[in-house]
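A short worksheet on the structure shown next.
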Amino acid sequence: MASSSEDARFRYCECGAAAIVSTAWTEENAGRRFFGCPNFWNGHPCNYFEWVDGPFSLRGRQVILEERKIIRCLHNVLEQRMREILQQEKTISQLDDELEWWRKQGKRTRFITLATVLVVGCLGSWGQTHRHM
């Protein structure tokens, strides 16, 4: 049995590939590291297996599993918050577009109001000058 992850660099499985260190998550071996064939995931492993760590105590395994559940829960909360943030960013973008539209409408309204005031003022002024003639 190897005593450190340093030894992982010097382990080779039966098919000649450099063994990789993985972590077991079964209830019996939660958190325990082992050497294994890197071809396990592509369906052609040589079945090389060797524990890196000795067995953990029952309490150690329980703590590891409890902490892993907490981490999963926090990860799920984080993912939910990220989805909420993305939705809020989308809403902000839509509101920015709407605000820009209203600003343009406001400029147009101010222009029309100013033009109307000028026309009414000119007509009123023109009417007064022509009445006295």
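Just so you know, all these numbers are worked out from the coordinates, no wet-lab data involved. The model shown is predicted, which means the values in this text are computed figures rather than measured ones. In this analysis, Cβ positions are derived from the backbone assuming ideal geometry, glycine residues included, and neighbour counts consider all displayed protein chains.
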Put in order of increasing Cβ neighbours within 10 Å, starting from the fewest, Phe40, Phe35 give Phe40, Phe35
List the aspartates and glutamates whose alpha-carbon lies under 13 Å from that of Lys104, not counting same-chain residues fewer than 8 positions away?
-> Asp96
How large is the dipole of the chain about the Cα centre if only Lys and Arg carry +1 and Asp and Glu carry -1, each at its Cβ, rounded to the nearest 20 debye?
-> 1000
Label selected from (i) 2, 10, 18, 23, 20, 12, 8, 5, 2, 1, 0; (ii) 2, 8, 9, 8, 8, 7, 7, 5, 5, 4, 4, 4, 4, 3, 3, 3, 3, 3, 3, 3, 2, 2, 1, 0; (iii) 2, 8, 14, 18, 17, 14, 10, 6, 4, 2, 2, 1, 1, 0, 0, the criterion being P(r) over Cα pairs in 5 Å bins from 0, in percent as computed here | (ii)
Computed over the Cα atoms of region 57-133, what is the ratio Rg over Rh, Rh following Kirkwood?
-> 1.74
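Taking the Cβ of His75 as the centre, find all other residues whose Cβ is under 14 Å away and add up their charges (Lys, Arg: +1; Asp, Glu: -1). Please report the intermediate quantities before stating the final value.
On the way: positive: Arg68, Lys69, Arg72, Arg81, Arg83; negative: Glu67, Glu79.
Overall, the nearby charge balance is +3.
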Tally Lys and Arg at +1 and Asp and Glu at -1 over the other residues with C-beta under 12 Å from the C-beta of Leu114: what net charge comes out?
-> +3
Between Phe10, Ser22, Val77, whose Cα lies farthest towards the positive end of the dipole of the chain when Lys and Arg beta carbons carry +1 and Asp and Glu beta carbons carry -1, centred on the Cα centre?
-> Val77
Mind checking the full-extension length gain between Glu98 and Met82? Use 0.36 nm per residue of separation minus the Cα-Cα distance, one decimal, nm.
-> 3.3 nm
Step through the residues of region 11-19 one at a time and calculate ³J(HN,Hα) from phi using the Karplus curve (6.51 cos²θ - 1.76 cosθ + 1.60, θ = phi - 60°), rounding each to whole Hz and writing x for Gly and Pro.
-> 9, 10, 7, 5, 8, x, 7, 5, 5
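Report the extension gain between Ala24 and Lys69 in nm, rounded to one decimal, defined as 0.36 nm multiplied by the number of residues separating them, less their alpha carbon distance. All intermediate terms of the calculation are to be shown ahead of the outcome.
Working: separation 45, 0.36 × 45 = 16.20 nm, distance 1.48 nm.
Extra length available between Ala24 and Lys69 comes to 14.7 nm.
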Taking 0.36 nm per residue of separation and subtracting the Cα-Cα distance, what length does fully extending Ile112 through Cys46 add?
-> 15.6 nm
Under the rule that a partner needs its Cβ under 4.7 Å from the first Cβ, which Cys of the chain have none?
-> Cys73, Cys122
